[in-house]
Amino acid sequence: MHIEALADSRSSSELGQQLHLFAADLYPICRSITGNGIRRTLDKIGERISLKISEVPTGTQVFDWTVPKEWNIRDAYVKGASGKRVIDFARSSLHVLNYSMPVHATMPLAMLKPHLFTLPEHPDWVPYRTSYYKEEWGFCLSHNEMLALEEGDYEIFIDSTLEPGHLTYGECFLHGRSSDEVLISSHICHPSLANDNLSGLSVATFLAQLLSERDLRYSYRFLFIPGTIGAITWLARNQQATERIRHGLVLAGVGDAGAFHYKKSRRGDAEIDRVATYVLNEGRGSAEILDFSPYGYDERQYCSPGFNLPVGCLMRSVWGTFPEYHTSADNLDFINPQQLEESLRVCGAIVDILEGNQRYCNLSPFGEPQLGKRGLYRSTGGNKIGVEIDARLWVLNFSDGAHSLLDIAERSGIPFAAIRDAARLLCDKGLLSVAQD
Ligand SMILES: [Zn+2]
């Protein structure tokens, strides 16, 4: 049974609902690139899949970067003269500039204002802002809330710590028959934002769960890491392991209503690029394939020239192109169960092809082998007679050790699944064998 088929066998709305519920469970947690929000998130992922947690000390040199101090926050507010909280971290983790240093002071509005971040073009939304590498403090609020602040003194309190600690990430490794690996990476550093990237980490978690029930050709490594610094840290500590990565996908922003976008690896012609393109072009007409560019998500790190790994990025709407991006409007209503489930299915279909895409040798290559005497010139399915026999002929003709099944599917126009099934049948009948590398 194939991965896609397995997902199919669960009631469709149920799988999507579970993905959305998982995102909803993680939504309130204040995450950042380090700290307890990441640990709590990894704990919840670890309840579903087996996860190895790594803790890397502050100050560790990772290529050109240094693991920063660890940030934790318990509470934060701005109180007006009446003692009422006019900005309250307890209402949303977005209300604090992420990585704010601790502060407790009273100051007039004019002094507070340079520390307030709003979005005048969307006056009811709260922006998401960070200051990881510059020690700073601040609050984020809607523009309308800021306009309503009256002159006078305000009590400012950010109960945070920014101290030597650790950077935390999680890894789920699934052993396949081969030590060759498929890397699936999603960033887990954003606080209460749904599409970016609770969608990606939910889909990755469920995909790992589905694959853990399967007999796999490849080994799979799922990374749940803080963006940029987490990917760089993992790469710095696992340089050797990267040599086993044959295919990879960064999953980010896969829960919104936008069309699918696949951004190719830096190589541009990697097998993952062809497979993702094939899957998205099959019945997902509005999908777009993008060339590699050196900014975006963690494919930037995996595809840096020293590594140049075959890793692409699967998204729905592209980051930065939709108004809800990095604002409070990227909430649980912005993603929906159906879209999350469809993204999981696309990942399943990509994995299915990666697992099945091999090259074969026709063991009877001189003339066409006589299919009739082997019972192969009849359909097993009845009315699909044409496609099944066509697929056998295509596979036999092009199984010269050089063409992969995906090559044959693309050239023949026959769906990959039919080509793969034909190859399996021909192997069983002794007409085909897997080509040795
Ligand atoms: Zn982001």
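Distance from the Cα centre of the range 322-345 to that of the range 16-76, in angstrom?
20 Å
Taking 30 Å as the cut-off for C-alpha to C-alpha distance, list the pairs among LYS69/LYS113; LYS52/LYS79; LYS84/LYS113; LYS69/LYS264; LYS79/LYS134; LYS69/LYS263 that go past it.
Checking Cα-Cα distances, LYS52/LYS79; LYS69/LYS264; LYS69/LYS263 exceed 30 Å.
Build a GNM of the chain with springs between Cα atoms under 10 Å: which of ARG85, ARG221, ARG31 gets the top mean-square fluctuation?
Comparing ARG85, ARG221, ARG31 in a Gaussian network model of the chain, the most mobile one is ARG85.
Straight-line reach from LYS429: which aspartates and glutamates have a Cα under 16 Å away, not including same-chain ones fewer than 8 places off?
Filter leaves GLU368, GLU388, ASP421.
Which whole-number value in Å³ per residue fits the convex hull of the alpha carbons of the chain?
Value for the chain: 141 Å³ per residue.
Report the FRET efficiency, 1/(1 + (r/R0)^6), for ASN144 and MET111, where r is their Cβ-Cβ distance and R0 is 22 Å, rounded to 0.05.
After rounding, the FRET efficiency stands at 0.55.
Mean-square fluctuation check for the chain, GNM, Cα pairs under 10 Å: which of GLY372, GLY401, GLY37 is largest?
Sorting by GNM fluctuation, first place goes to GLY372.
Along the Cα-to-Cβ line of ASN308, 7 Å from the Cα, sits a label point; which residues in the range 246-267 have backbone N less than 15 Å from it?
Within reach of a label on ASN308, which here means backbone N under 15 Å from a point 7 Å along Cα→Cβ, the range 246-267 contributes 265-267.
Hey, what angle do you get for helix 385-398 against the long axis of the chain, alpha-carbon based, 0 to 90 degrees rounded to 10?
90 degrees
Suppose R0 equals 45 Å; then what is the FRET efficiency for GLN436 and ASP159 from their Cβ-Cβ distance, rounded to the nearest 0.05?
0.10
Report the Stokes-Einstein translational diffusion coefficient (µm² s⁻¹, integer) for the range 40-120, Rh taken as the Kirkwood radius over Cα pairs, at 10 °C with viscosity 1.306 mPa s.
97 µm²/s
Among CYS427, CYS30, CYS313, which one shows the biggest mean-square fluctuation in a GNM of the chain, springs joining Cα atoms closer than 10 Å?
CYS427
In debye, nearest 20, what is the charge dipole magnitude of the range 24-155 about its Cα centre with +1 on Lys and Arg Cβ and -1 on Asp and Glu Cβ, if you could check?
420 debye
Calculated from DSSP H runs of 4 or more alone, at -39500 (n - 2.57) each and per residue, what is the 222 nm mean residue ellipticity of the chain, nearest 500?
-9000 deg cm²/dmol
Long-range amide H contacts for CYS140: which residues qualify at under 5 Å (H placed 1.01 Å from N, peptide plane, sequence gap of 5 or more or a different chain)?
Answer set, sorted by chain and number: VAL96, LEU97, PHE117.
Quick one: Karplus J couplings for the range 91-98, per residue in order, coefficients 6.51, -1.76, 1.60, θ = phi - 60°, nearest Hz, x for Gly and Pro?
7, 7, 5, 6, 5, 10, 4, 4
At a probe size of 1.4 Å, how large is the accessible area of SER343, to the nearest 10 Å²?
Using a 1.4 Å probe on the heavy atoms, I get roughly 0 Å².
Among the GluC sites (Glu not before Pro) within the range 35-106, which fall in a DSSP loop and have no more than 16 other Cβ atoms within 10 Å of their own Cβ? Please list the in-between numbers first.
Working: sites: GLU47, GLU55, GLU70; in loops: GLU47.
Filter output for the range 35-106: GLU47.
Which residues' amide hydrogens lie under 5 Å from the amide hydrogen of LEU290, considering only partners 5 or more residues apart or on another chain, with H built in the peptide plane?
Here TYR262, LYS263, LYS264 satisfy the definition.
State the Cα centre-to-centre distance between the range 236-298 and the range 396-437 in whole Å.
Cα centroid to Cα centroid, the span is 25 Å.
Rank by packing, highest mean first: peptides 347-359, 130-142, with packing defined as the count of other Cβ atoms within 10 Å averaged across residues.
In decreasing order of mean packing, 347-359, 130-142 become 347-359, 130-142.
Can you list the trypsin sites (Lys or Arg not before Pro) in the range 364-437 that are in a DSSP coil and have 14 or fewer other beta carbons within 10 angstrom?
Values: sites: LYS373, ARG374, ARG378, LYS384, ARG392, ARG411, ARG420, ARG424, LYS429; in loops: ARG378, LYS384, LYS429.
For trypsin sites (Lys or Arg not before Pro) across the range 364-437 that sit outside H, G, I, E and B with at most 14 neighbouring Cβ atoms in 10 Å, the list reads ARG378, LYS384.
The values are calculated or read from the model by the stated rules, or taken from the named source; none is laboratory data. Predicted, not measured: the structure shown is a model, and the values here were computed from it. With ideal geometry, Cβ positions are generated from the backbone for all residues, glycine too; neighbour counts draw on all protein chains shown. Areas reflect the complete protein model, heavy atoms only, side chains present, ligands, DNA and RNA absent. Shrake-Rupley method; radii C 1.70, N 1.55, O 1.52, S 1.80 Å.
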